[in-house]
1. Relative contact order of the chain, please, whole-number percent, based on alpha carbon pairs below 8 angstrom and at least 6 residues apart.
2. Run the dipole for the chain about the Cα centre, Lys and Arg Cβ at +1, Asp and Glu Cβ at -1, nothing else charged, and hand back the magnitude in debye, nearest 20.
3. Divide by every residue of the chain the summed helix terms, -39500 (n - 2.57) for each DSSP H run of at least 4, and state the resulting mean residue ellipticity at 222 nm, rounded to the nearest 500 deg cm²/dmol.
4. So for each of 95-108, 283-296 I average, over its residues, the number of other beta carbons within 10 Å; can you give me the resulting order with the highest mean first?
5. Go ahead and collect, in residue order, the members of segment 246-263 whose backbone nitrogen is under 18 Å from a label point 7 Å along the Cα-Cβ direction of residue 347.
6. Could you rank the peptides 336-346, 306-316 by their average count of other C-beta atoms within 10 Å per residue, with the highest value first?
7. Excluding same-chain residues fewer than 8 positions from residue 15, which aspartates and glutamates have a Cα within less than 12 Å of its Cα?
8. Going by the alpha-carbon gyration tensor, a ≥ b ≥ c the square roots of its eigenvalues, is segment 51-108 rounded (a/c under 1.5) or, if a/c is not under 1.5, prolate (a/b greater than b/c) versus oblate?
Amino acid sequence: MSKGIYVVVEQRNGKVQNVGLELIGEATRLKADLNEDVVAVLLGSDIKGEVNKLYEFGADKVVLIDHPYLKEYVTEPYTKALTQVCKEYEPHIMLFGASSIGRDVAPRLASRIKTGLTADCTGLRIAKTDEELAKEEALGNTDPKRGLLMTRPAFGGNIMATLMCPRTTPQMATVRPGVMKKIDRIPGRTGELIEMTVDYTEADMNIEILEVVKADKKSVDITEAKVLVSGGRGVGRNGYDMLRACADELGGEVASSRANVDDALCEWAKPEMQVGQTGKTVRPDLYLACGISGAIQHVAGMENSDLVISINKNDTAPIFQVSDLGIVGDVKVILPKLTEALKKYNAEKVVK
């Protein structure tokens, strides 16, 4: 019988990535309804030093596959290793980050082990709790399902679809970075380590990595920001300086809606700054939405922010429906005044 909630943890340059820790956190919440272990699967080369971090963020067990072929991500070696994990341990559920790595390896693995895969999920829950299963068994159901309900945007983000894959295991999903929340770290927490060996041959490394070139340009990852000042069509093509000034006073970063990113004449809005279904999912402490109408595709990327403040001249804008505080007015007038007030406050704080 399939057992365990498995999380494929990404590493880059020998360091565990946040999306894996977020998924371990989500797995611990699913564990409450399943009573199954949370198992982190870590692939890489000379990465045993990262194992304890996985325990501290909620993993009960860690399957470690350490091999020189796994130092950098290559499709075939990673797929072969994960296929062996599935065949040996028969996971009940397997989760991946919807990153460039997860989106590449998850469908290949699903094809090899002949199971389903739901991509770009924004929500996960167990279909039936222990109490619900007990009621079914009492009514004579001898094969109650432990299905994973996987929710994702559909039809361009206009609806949220919930899918199941109850007939095959593992039930697999990729989850967008920033959607789930890490649990609080418990220093010193330990678990069981399983070191797995994969018998690689030269044929398994079907490409040769000659050099890894890192971009010189430093780009800020908005998914890590605690404060985001995000601009929509309402700030205009020349609104970056206004957004940046406010973000600096708040100690935050600048983000954008898709409208500005798609505008060829808007030079400041870059794809890596885009929030929304086709951009990034963020969960800052404060999300300041400036001149953003609040289309469902955008809301899908920021609705889990702790505090949402919106400025829009249209008092019926959908963004107000997901805002904790809404300000009706011209963002080009209100935002500079807010920035000046913040600057004055910060200056007085320094003096005190």
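Values quoted throughout were computed directly from the atomic coordinates according to the rules given, and no laboratory measurement underlies them. Computed from a predicted structure; not experimentally measured. Counting neighbours? That spans all protein chains shown, and the Cβs are built from the backbone with ideal geometry, glycine included.
1. Numbers: 730 pairs, mean separation 50.6, N = 352.
RCO, the chain: 14 percent.
2. 780
3. Working: 9 runs with 102 residues, N = 352.
That calculation yields -9000 deg cm²/dmol at 222 nm.
4. 283-296, 95-108
5. 246-251
6. On the way: 336-346: 13.9, 306-316: 17.3.
Top of the packing list down: 306-316, 336-346.
7. Output for residue 15: 46, 50, 72.
8. Note, shape of segment 51-108 comes out rounded.
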